[in-house]
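The next block holds one structure in the form of structure tokens; read it before the comments.
The values are calculated or read from the model by the stated rules, or taken from the named source; none is laboratory data. Keep in mind that what you see is a predicted model, and the values were worked out from it rather than measured. Don't worry about glycine lacking a Cβ; one is built from the backbone with ideal geometry, like all the others, and counts go over all protein chains shown.
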Amino acid sequence: MTAATGPTVEILPGVDAIPAGTWDELAPPHDPMWGREVFAAMERGAIGPDGYAYAVVREAGRTVAVLPLAAVRGLRLDQVVGERERQLLAPVRRLCPGLLRVPMLFCGNFLGQGHVLSREPLPGPVAALLVRTVLDHARRHRLGTVVLKDFAPGELATLRPALEAAGFFQVPSMPDTELALGYDSFDEYVAALPAKARRNVRSKLRKFHARGDLRIEVLSDFADLVPAMLGLYRQVMDRADQTLDVLDASFLRALHRPGGPDQRLVACFEGDRLVAYLHCLFRGEGAIGARIGLDYRLAHEAHLYHHVHYAAIELAIGRGCRHIRFAQTAYEPKRELGCTLVEQRYALTHVRPLPRAVLRRLLPRALETALARTLAPRS
């Protein structure tokens, strides 16, 4: 009689080491950012992390959980805080910039909502094993701060006993934005909006169509536009409060490799010149407007932001998607589009007791203040 064995865990160096069938069985079926090919592109690109790994838990001969890990050795604190905090840190950046660089281990999805990939909520022993493994990995690679990034509160609740036992605490992160669909057409979607939002959409569309110099196209092959896309993306990032990840040409080209994700580029042209885009990915019944680029020379006057979002919504409706998500920015116009805010949280700790105590004391209030300021209505 063979004795029963408990769960085991292994750290794998890349997503290619995980069979595609196993990944697809465990990953969220309607979240485009959790396609295996997206993680492969992240590993080939230069978007921020210095290295990737995957904690894989097996039990009784099958894989029961996968948690992606991304190591960022030189995270700039002044790039991931708000404008007010950045001003306070400016003297430190001038006098001793090294103090603002923090080695961190991000758990989950560096570019999207966090998950532990599993068929069902993890039993206590499996969750505890996974958390211990993550902390051991952080210590071994000298990554002091460990963050489970942008997890839904319900998913963190199943991990809470294991996380709290290991010294983790939770703080709010910026919410995602999601628009429920299920409409037969874009016109039906617009008709369902509140009166003011409906008038605004129709007014902006009339003005856009009255212009003879702008047009929107939906492209499946846009490799030749990558340089122009990066130029417009940099204009957006130059105005952003937070720049945790920065896309580059290698990442975008890796997405274009054979077997890449189901994706389209909603592109706005002025003549032959790209002046705005929204990069959309699809998986199952879900869509996401992943990243945006704008030419601010005419972005405000022509409402380019709104029009690429309108086109993305129409595209998702036409593909039968049940929802589309957008980025954690510009909450007011997304509310007007009908989006709801999806609550997300961080679970954080430090591998050493003193920095952990400092983080626990300072971070919750600072992040809650920054979140309230970001979500406050603006005229």
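Out of all the residues in the range 133-153, is one or more of a type outside the set (Gly, Ala, Ser), touching a helix residue (DSSP H, G or I) at 6+ places or on another chain (Cβ under 6 Å), closer than 30 Å to Ala312 by Cα and surrounded by 14 or more Cβ atoms within 10 Å (Cβ to Cβ)? No: the range 133-153 contains no residue that is of a type outside the set (Gly, Ala, Ser), touching a helix residue (DSSP H, G or I) at 6+ places or on another chain (Cβ under 6 Å), closer than 30 Å to Ala312 by Cα and surrounded by 14 or more Cβ atoms within 10 Å (Cβ to Cβ). Residues satisfying the criterion are absent from the range 236-250 (criterion: basic (Lys, Arg) and in contact with a helix residue (DSSP H, G or I) (Cβ under 9 Å, 6 or more places away or on another chain)). So is Arg160 surrounded by 13 or more Cβ atoms within 10 Å (Cβ to Cβ), without any contact (Cβ under 8 Å) to a residue 24 or more places away in the chain and in contact with a strand residue (DSSP E or B) (Cβ under 9 Å, 6 or more places away or on another chain) or not? Yes: the conditions hold for Arg160.
Taking the range 13-49, which residues are among the aliphatic types (A, V, I, L, M), surrounded by fewer than 16 Cβ atoms within 10 Å (Cβ to Cβ) and farther than 16 Å from Gly260 by Cα?
Ala17, Ala46, listed by residue number.
If you filter the range 248-265 down to residues that are among the aliphatic types (A, V, I, L, M) and closer than 11 Å to Ala40 by Cα, you find that the one that is nearest to the chain's Cα centre (by Cα) is Leu255.
Only one residue in Asp248, Asp176 is farther than 28 Å from Gly318 by Cβ and of a type outside the set (Phe, Trp, Tyr), so which one is that? When all the criteria are applied, what remains is Asp248.
For Leu193, which of the numbered conditions (1) at pLDDT below 95; (2) within 24 Å of His300 (Cβ to Cβ) fails to hold? Here Leu193 clears every test but (1). Among the residues of the range 62-74, those that are of a type outside the set (Gly, Ala, Ser) and crowded, with 19+ Cβ neighbours inside 10 Å comprise Thr63, Val64, Val66, Leu67, Pro68, Leu69, Val72. Scanning the range 249-307 for residues that are in a loop (DSSP other than H, G, I, E, B), surrounded by fewer than 18 Cβ atoms within 10 Å (Cβ to Cβ) and in contact with a Phe, Trp or Tyr (Cβ under 9 Å, 6 or more places away or on another chain) returns a single hit, His256. Exactly one residue among Leu255, Leu274 is among the hydrophobic types (A, V, I, L, M, F, W, C) and either within 23 Å of Arg215 (Cβ to Cβ) or not assigned by TED's automatic domain parsing to the domain that holds Gln328 (or both), and that residue is Leu274.
Does Ala312 meet the test of being within 21 Å of Pro28 (Cβ to Cβ) and in contact with a Cys (Cβ under 6 Å, 6 or more places away or on another chain)?
Yes: the conditions hold for Ala312.
To keep it simple, each residue is scored yes or no on (1) within 21 Å of Tyr346 (Cα to Cα); (2) at pLDDT below 95.
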residue: Val57; (1), (2): no, no
residue: Ala65; (1), (2): yes, no
residue: Pro68; (1), (2): yes, no
residue: Leu89; (1), (2): no, yes
residue: Arg101; (1), (2): yes, yes
residue: Gly124; (1), (2): yes, yes
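When the range 343-377 is limited to residues that are modelled with pLDDT of 90 or more and buried (at least 16 other Cβ atoms within 10 Å of the Cβ), the one that is farthest from Cys280 (Cα to Cα) turns out to be Val351. Within the range 190-211, restricting attention to residues that are touching a residue at least 60 places away in the same chain (Cβ under 8 Å), outside any helix (DSSP H, G or I) and within 29 Å of the chain's Cα centre (by Cα), the residue that is surrounded by the most Cβ atoms within 10 Å (Cβ to Cβ) is Leu193.
Okay, residues lined up against (1) outside the structural domain of His137 (by TED's automatic domain parsing); (2) part of a loop (DSSP other than H, G, I, E, B); (3) free of Cβ contacts under 8 Å to residues at least 40 places away in the same chain:
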| site | (1), (2), (3) |
| --- | --- |
| Asp16 | no, no, yes |
| Gly21 | no, no, yes |
| Glu25 | no, no, no |
| Pro29 | no, yes, no |
| Met33 | no, no, no |
| Val38 | no, no, no |
| Met42 | no, no, no |
| Gly48 | no, yes, no |
| Ala53 | no, no, no |
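Which one is farthest from Ser118 (Cα to Cα) among residues in the range 166-189 that are in a helix (DSSP H, G or I) and out of contact with any helix residue (DSSP H, G or I) (no Cβ under 7 Å at 6 or more places or on another chain)? The residue in question is Asp187.
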